[in-house]
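Written below as structure tokens is the structure these notes are about.
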Amino acid sequence: MRWTVAICFCTVVFCPLVSADCIPFTDAKNHIGEIRCVSGKVTRVERGDRGAHYLDFCEDYRLCPFTVVVFAGDLKDVGDVRQLQGRVIEVHGPVKEYDGRAEIVLRQARQLRGEMTKIPAMPKGYDVERQGRYSAGKFSHPKSGRRTSKKRNPRGRPIDTAEDDTE
């Protein structure tokens, strides 16, 4: 009798933790608001306007029911997500709804599992806003648009501040 109670207790308490199997990305919309593992093959890694990267699991992202987003500020913690293209991955995290689709925000590399558990860090010279073309380490002051010039005395003419006394 004690073993039966213990087995039932363990099944009820630990079953949700053990059954954290990944769901396919096509079922992610049914699990909005839950912390889940979603798996699928990344068909394309797309860069957004403000440096965010999107992992697309369908050929046409507009018709895809799920996406993973990595914001520009999180790239240093996640790594070079461009390496995930063509790979089967598992993403762990809260499933949220955005723009009518399910999504997981990838903030840390430990949220990733699958073929690419460790992806390389972003290259040091990679600037998110300029797509890796320039280094973010140099700063220069902005140049003014117009120049001011001082009025100068024409050559050879002395400046006379006294009034003329010719009468």
- Selection count, the stretch 88-114, where residues are surrounded by 14 or more Cβ atoms within 10 Å (Cβ to Cβ), part of a loop (DSSP other than H, G, I, E, B) and either of a type in the set (Gly, Ala, Ser) or modelled with pLDDT under 90 (or both): 0
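Condition check ((1) aromatic (Phe, Trp, Tyr); (2) under 11 Å from the mean Cα position of the chain (by Cα)) across all residues:
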site: Arg50; (1), (2): no, yes
site: Tyr54; (1), (2): yes, yes
site: Val81; (1), (2): no, yes
site: Val91; (1), (2): no, no
site: Glu97; (1), (2): no, no
site: Ala102; (1), (2): no, no
- Item | Counted residues, the stretch 73-87 - those being of a type in the set (Gly, Ala, Ser) and surrounded by fewer than 15 Cβ atoms within 10 Å (Cβ to Cβ) | 2
- Kindly establish whether Asp21 is assigned to a helix (DSSP H, G or I) and either touching a Ser or Thr at 6+ places or on another chain (Cβ under 6 Å) or within 17 Å of Leu112 (Cβ to Cβ) (or both). no
- Message: Being surrounded by fewer than 15 Cβ atoms within 10 Å (Cβ to Cβ), modelled with pLDDT under 90 and part of a helix (DSSP H, G or I) is the requirement here; does Arg62 meet it?
- Response: yes
- Message: Given the criterion without any contact (Cβ under 8 Å) to a residue 60 or more places away in the chain and on the phi > 0 side of the Ramachandran plot, identify the matching residue among Asp77, Asp99, Asp56, Asp60.
- Response: Asp99
- Message: Go through the stretch 37-53 and report how many residues are crowded, with 17+ Cβ neighbours inside 10 Å and in contact with a helix residue (DSSP H, G or I) (Cβ under 8 Å, 6 or more places away or on another chain).
- Response: 7
- Message: For the stretch 41-57, give me each residue that is acidic (Asp, Glu) and in a strand (DSSP E or B).
- Response: Glu46, Asp56
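The values are calculated or read from the model by the stated rules, or taken from the named source; none is laboratory data. Computed from a predicted structure; not experimentally measured. As a convention, Cβ positions derive from the backbone with ideal geometry for all residues, glycine included, and neighbour counts pool all protein chains shown.
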